[in-house]
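A short worksheet on the structure shown next.
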Amino acid sequence: MILAALPELAPYARDAVRLDPERGEPDHGDSSVGGPLLWPADEPWPGCSLPDETGGPDGGPAAPMVPVAQIFRRDVPGPWWPDGTDLLQVLWCPNEHGDPPAHQADAAPVVELRWRRAADVTSRLATPPAPTRYDEDGYLPRACTVTAEHVTDFPHREELPEELRPRLAELVRSTGEEGRDVITRLAGWKLGGWPTWHLNHPTVFECADCGTAMTLLFTAASDAETGVVVGRYGDLRIFTCPTDHRHGFQADLH
Ligand SMILES: [Zn+2]
Ligand SMILES: [Zn+2]
């Protein structure tokens with residue numbers, strides 16, 4: 001419908017899947033936000049040993065990370081899956097760090113990513129370590145099941161060629177209700193799509209390993225259902241290299 005009205009947008013259309021989280025009791029075999037992860041028994045659970053407000057290298061042992069999301073490919077198919085993988089896991093350290101590594105977002109939880117093949121997890125870690133310390137409840141996602149909704153996402157008009165911008169603005173006006181933009185930078189927890197840039201100008205992150213422009217992989221949004229609050233009720237986004245998933249990610253808080 002959008003492309004019928006403005007066919008020149010076609011090169012900017014990106015697949016996205018909104019993960020509509022709903023408080024529940026997801027199982028380790030389910031896609032979830034804040035739910036149990038399908039984790040190999042012989043793989044160490046990620047810990048964060050960066051200094052934080054409440055501890056760190058001098059103040060105690062590494063802080064166990066907490067599950068943020070687990071997504072199975074069967075629930076959320078899309079172009080973001082590297083060959084041979086069918087499970088994406090996102091964890092974070094529920095503490096803020098004053099001076100995190102450059103690929104992590106400032107004043108935000110420190111993120112960890114895992115791509116897996118679910119069938120490789122033959123022996124599952126039954127009891128992952130609980131968080132020993134955390135700054136804020138907003139960094140402890142409540143267990144939610146997710147319902148996937150496939151959408152097509154478009155960028156903010158500043159990321160488009162000049163001549164397309166007024167026409168996109170008009171399309172946004174004519175399709176949204178009460179001034180809501182239901183076309184670009186779709187809000188909420190999602191895989192893929194475009195990031196919002198309502199606080200500053202659009203930024204393109206370059207892969208530190210190969211220089212390719214990174215694309216948005218995952219967005220964790222602040223909302224009441226998950227209890228997550230990041231930034232000023234903002235989004236924590238994870239950008240990855242489209243050419244090789246083993247290249248480092250870039251996290252960003254907006
Ligand atoms: Zn930490
Ligand atoms: Zn790269």
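When ASP27 is tested against (1) farther than 27 Å from THR243 by Cβ; (2) surrounded by fewer than 22 Cβ atoms within 10 Å (Cβ to Cβ); (3) touching a residue at least 12 places away in the same chain (Cβ under 8 Å), just one condition goes unmet, and that condition is (3).
None of LEU160, LEU186, LEU199, LEU217 is touching a residue at least 12 places away in the same chain (Cβ under 8 Å), more than 30 Å from PRO82 (Cβ to Cβ) and more than 16 Å from ligand 1 (Cβ to nearest atom) except LEU199. Might you let me know whether the stretch 152-174 holds any residue that is among the hydrophobic types (A, V, I, L, M, F, W, C) and closer than 23 Å to LEU88 by Cβ? Scanning the stretch 152-174, I find no residue that is among the hydrophobic types (A, V, I, L, M, F, W, C) and closer than 23 Å to LEU88 by Cβ, so the answer is no. In this structure, is LEU191 within 15 Å of the chain's Cα centre (by Cα), within 16 Å of ligand 1 (Cβ to nearest atom) and touching a residue at least 24 places away in the same chain (Cβ under 8 Å)? In short, no. Selection over the stretch 132-172 of residues that are over 25 Å from LEU199 (Cβ atoms), surrounded by fewer than 18 Cβ atoms within 10 Å (Cβ to Cβ) and of a type in the set (S, T, N, Q) gives a count of 2. The residues in the stretch 129-145 that are over 19 Å from ILE238 (Cα atoms), modelled with pLDDT of 95 or more and either among the hydrophobic types (A, V, I, L, M, F, W, C) or part of a loop (DSSP other than H, G, I, E, B) (or both) can be counted, and the count is 3.
The values are calculated or read from the model by the stated rules, or taken from the named source; none is laboratory data. Note that the coordinates shown come from a computational prediction; the quantities given were computed from them, not determined experimentally. A quick note on method: Cβ atoms are made from the backbone with ideal geometry, for glycine too, and the neighbour counts reach across all protein chains shown.
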